[in-house]
1. Tell me which helices (runs of 4 or more DSSP H) are completely within the range 177-266 and hold 3 or more residues being closer than 30 Å to L331 by Cβ, at pLDDT 75 or above and not β-branched (V, I, T), or say none if there are none.
2. Can we say V142 is modelled with pLDDT of 90 or more, of a type in the set (V, I, T) and either in contact with a helix residue (DSSP H, G or I) (Cβ under 7 Å, 6 or more places away or on another chain) or buried (at least 19 other Cβ atoms within 10 Å of the Cβ) (or both)?
3. Given the criteria at pLDDT below 90 and of a type outside the set (S, T, Y), does A343 qualify?
4. Restricting to the range 20-35, count the residues that are open to solvent by less than 20 Å² (accessible area, probe 1.4 Å) and either closer than 18 Å to D322 by Cα or of a type in the set (A, V, I, L, M) (or both).
5. May I ask you to list the residues in the range 106-165 that are closer than 19 Å to S48 by Cβ and outside any helix (DSSP H, G or I)?
6. Just one of the numbered conditions (1) open to solvent by 40 Å² or more (accessible area, probe 1.4 Å); (2) over 29 Å from A146 (Cβ atoms); (3) more than 22 Å from the chain's Cα centre (by Cα) is not true of F229; which one?
Amino acid sequence: MPQSSLIRQGALSTVGVAVQGLARFGYSILIARFVGADSLALVNTLISLSIILSLLWPTAAGNAAGTFLARALRNRRSPRYVLRLLWISNAIAAVVIGTIAAITASTLAGAQPTETVAVIALTFAWSAYILTRGIRMGLGEVGSAAVWDAISAAASLGLLALVILAGQTALLLWPLTLGYALFALSAVPSMRRKRPDLTPDTATSPGDVWHLIAWNSVGLVASNGLIQFSMVFAFASSSPEEAGMFAAAIALATPASMLAQAVSQVLIPRYAHWLEDDPAHARGHHLRIMAAMTAVLLVAFGAVAALAPWLVPFLYGPGYEDAVPLLRLLLLGVFLFSIGLIASSFLITSWRTLAATISSAIGLVLGVAAMVGTSASLGGAVAAAVGVIVGTAASALLASIWSFRTPPDAPARLKPWTPAAGEEAEDLR
């Protein structure tokens, strides 16, 4: 794919994820302004719980979709086999995830039965969203994904406004759930589309797909899970007011990472193409991307940190000034997380998922240890932010160092398709 095409797809993906991030942020603002800090803390904690549970399989399945579907199409193989493997594995995972969601929400977060049902539904909807978004990236449908991101985000905010106006605070999670479900349903036609011009996929085995998902799931729980766990930790170890301040801060810090997440989803299939052509050349591309993303993210995060004293009261209204120092701490942690995310994307696409997993696992252990070790002296909310910084710094450093090494060649069964005599290879773009 030409560099201009990569930039265009990256921009489209960034727009789509940015819209979703802004919608999530708007969700927090509406609840903070019109319902209250206590409700904001509870809702954000339950959302974080849903995201943590989706990391156990569906999010990694979305990454695997981007990798294996891109390789299948590049080598003129049908994507239907990979799609079937992905959905079978996710159906099995849904049973386990739903059970954990029900138990955890009703105990840890103290949710009522109606809220427990809402958490289960949100977990399923978010899991379907993140999986189908990865599928769209692998199929090259970046533009369609951006459009449906906007539609589903608008639907979520509109429904939330109606819920708040009706005073039905027990339904605060459902608008977000329905928005994610809408995006997932919109991807069904493209997944069912027949492609008679492509040959059956005989090179990819279930073990290839499930091995990548399993190891990447461990890495995602360790990396993304740390930030989401910090909200749960702050909720469990702080007063309702402090937890509300932390919820406001993390809601403002998290959208800043959407740029790296959007670019990462586009880079996964692009890295797969580059690695099949020339692993050493792909490493050069990765080095340039890391340098460019670091510069862009420094500007973005620095601007938000500088504007924090004005931005927080402007967005949330009076009474949320204590969220400013927490926001600045979390911005540093999310910046480091974003750098590690780009490095890990290259690692998992270049058959080094174990290295990405180890990096994230070390970061998770150090981050949680920092939270627990400092909570008595700093308080639960500040300790949660410090733990995020410690954990993401460790994982980003390790992942970046490993990613700068020249990747190995692909396994023989994943080598590119070679045209038979008399046939012409077509570069699928």
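The values are calculated or read from the model by the stated rules, or taken from the named source; none is laboratory data. On a predicted model such as this, the values are computed, not experimentally measured, just so you know. Quick reminder, even Gly has a Cβ in these numbers, built from the backbone with ideal geometry, and neighbours come from all protein chains shown. Side chains included, ligands, DNA and RNA excluded: accessible areas come from the protein's heavy atoms. Shrake-Rupley method; radii C 1.70, N 1.55, O 1.52, S 1.80 Å.
1. Numbers: elements: 188-192, 206-237, 240-253.
Hits in the range 177-266: 206-237, 240-253.
2. Working: modelled with pLDDT of 90 or more: no; of a type in the set (V, I, T): yes; either in contact with a helix residue (DSSP H, G or I) (Cβ under 7 Å, 6 or more places away or on another chain) or buried (at least 19 other Cβ atoms within 10 Å of the Cβ) (or both): yes.
Criteria not met by V142.
3. Numbers: at pLDDT below 90: yes; of a type outside the set (S, T, Y): yes.
In short, yes.
4. Taking the range 20-35 as the starting set, the residues that turn out to be open to solvent by less than 20 Å² (accessible area, probe 1.4 Å) are 20-21, 23, 26-28, 31-32.
Then drop every residue that is not either closer than 18 Å to D322 by Cα or of a type in the set (A, V, I, L, M) (or both), which leaves 23, 28, 31-32.
Looking only at that region, the number is 4.
5. Matches in the range 106-165: L108, A109, G110, A111, Q112.
6. With respect to (1) open to solvent by 40 Å² or more (accessible area, probe 1.4 Å); (2) over 29 Å from A146 (Cβ atoms); (3) more than 22 Å from the chain's Cα centre (by Cα), F229 is out only on (3).
Okay, residues lined up against (1) over 16 Å from S223 (Cα atoms); (2) open to solvent by less than 10 Å² (accessible area, probe 1.4 Å); (3) touching a helix residue (DSSP H, G or I) at 6+ places or on another chain (Cβ under 9 Å):
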position: I51; (1), (2), (3): no, no, yes
position: T59; (1), (2), (3): no, no, yes
position: N63; (1), (2), (3): no, no, yes
position: G66; (1), (2), (3): yes, yes, yes
position: A70; (1), (2), (3): yes, yes, yes
position: R80; (1), (2), (3): yes, no, yes
position: A93; (1), (2), (3): yes, no, yes
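Each row is one residue, and each column tells you yes or no for (1) closer than 30 Å to L378 by Cβ; (2) open to solvent by less than 30 Å² (accessible area, probe 1.4 Å).
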position	(1), (2)
M293	no, yes
F314	yes, no
G317	yes, yes
A343	yes, yes
